[in-house]
1. Specify the inter-centroid distance of the range 181-196 and the range 1-44, based on alpha-carbon positions, in whole Å.
2. Find the Cα radius of gyration of the range 233-335, compare it with 2.2 N^0.38 Å by division, and give the number to two decimals.
3. Can you pull a Stokes-Einstein diffusion coefficient for the chain at 37 °C (0.692 mPa s), Rh from Kirkwood over Cα pairs, as a whole number of µm²/s?
4. Provide the descending list of Cα extents for the range 131-277 along its principal axes, expressed in whole angstroms.
5. Within the chain, what's the longest stretch lacking chymotrypsin sites (Phe, Trp or Tyr not before Pro) that sit in DSSP loops with no more than 15 other Cβ atoms inside 10 Å?
6. Exposure proxy check: Ile180, Ile53 ranked by fewest other beta carbons within 10 Å?
7. Give me the distance between the Cα centres of the range 308-329 and the range 76-107, rounded to whole Å.
8. Find out how many positive minus negative residues lie around Ile238, taking Lys and Arg as positive, Asp and Glu as negative, among other residues whose Cβ is under 12 Å from that of Ile238.
Amino acid sequence: MGWYQRVFWPILRRFDPEMAHEWTLTALALAQRWRVGQGLLRLVVGSRPSSPISLLGLTFPNALGVAAGFDKDSRVGPGLAALGFGHVEVGTLTPRPQVGNLRPRIFRLPPDGALINRMGFPNGGVTAALPRLQAWQDRDFVLGVSLGKQKETPLAEAAADYAQVMTAVYPHADYLAVNISSPNTPGLRELQGSGYLGQLLGTLQTANDRLAAKHAISRRPLLVKIAPDLSWAELDDILTTVLHHQVDGIIAVNTSLSREGLRHPHRSEAGGLSGRPLRQRSAEIIAYITRHTGGSLPIIGVGGVRTAADVQAKLDAGASLVQIYTGLVYEGPGIAGRILRALAR
């Protein structure tokens, strides 16, 4: 048990999870502004073996990243990179500010190594995030931006919302993630169906070509983030549509509506489940996609990652990169360094 679990976790767990998360973001934002703070963050991480990965036309400093949802308003990308993460996916951003769902909306399930959240894309809107994204142009990490739609936007008009966010962040992002799988925006997961998905991806790929030409920059890789609760037939339909529209990759997986095997009383709370209960399902979906595409479709694996063995299992299943969120909450800011050193050994 490390210093985080011995000293800080017993204190943090006494407070509302969303409040504790806000304190974490504030501390990271302050630390990343000053050289001394950046040095302290690197001290927390310790040594980081260099293991760059070429994927999507990009060079990732290492295989580990932070999943969307941790830095919803694009505040602490450099701070998270200083903690050892090779890429950071910010957002999900929406066209206009959105308060999200009513609090409380995050629940810890420590015996299960899990969280349940029903945040609902709270963020200040894409316009408010732009100055911070612009300030990170000289970065040493890969920046992904998660695209979302406004809660009240009808599904038939969702493509316009995603395209609006995409247009705003395009010059500043290294890759773009289409979030159609959060369970906390009513109806959003219906966008995974072929009736909507083809139209959405067609619109975004057309915008991708147009924006690359407009800014005279390389075309941004477009990835789709999928739910863990899909049937194999539903996943087959998604893969057919994704391949038809030449999408660059899949992020597997988002949070789950399943509560199978949970022990903590909070298991009855509504929202998306993340953490250790998703570890096996995520690996199964990654392996399925790898088999059914012959390994041709790049995959970022997410779900239940807390150790180097968890990362290796995702890589062995066919993922090229791995993202962390809930593991960072339970294992603390040194998790990336510990995992990278263990993988190197």
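Here, each number is a calculation from the coordinates, and none is a lab measurement. Worth saying up front: this structure is predicted, and the values here are computed from it rather than measured. A quick note on method: Cβ atoms are made from the backbone with ideal geometry, for glycine too, and the neighbour counts reach across all protein chains shown.
1. 34 Å
2. Values: Rg = 14.5 Å, N = 103, 2.2 N^0.38 = 12.8 Å.
Cα Rg divided by the expected 2.2 N^0.38 Å: 1.13.
3. Numbers: Rh = 20.0 Å.
My calculation gives 164 µm²/s for D.
4. 52, 34, 27
5. Details: sites that count: Phe15, Trp34.
Counting at most 15 other Cβ atoms within 10 Å as exposed, the longest clean stretch of the chain is 35-345.
6. Values: Ile180 28, Ile53 16.
Arranged by neighbour count, lowest to highest, Ile180, Ile53 become Ile53, Ile180.
7. 19 Å
8. Numbers: positive: Arg189, Lys225; negative: Glu234, Asp236, Asp237.
Counting the neighbours of Ile238, the net charge comes to -1.
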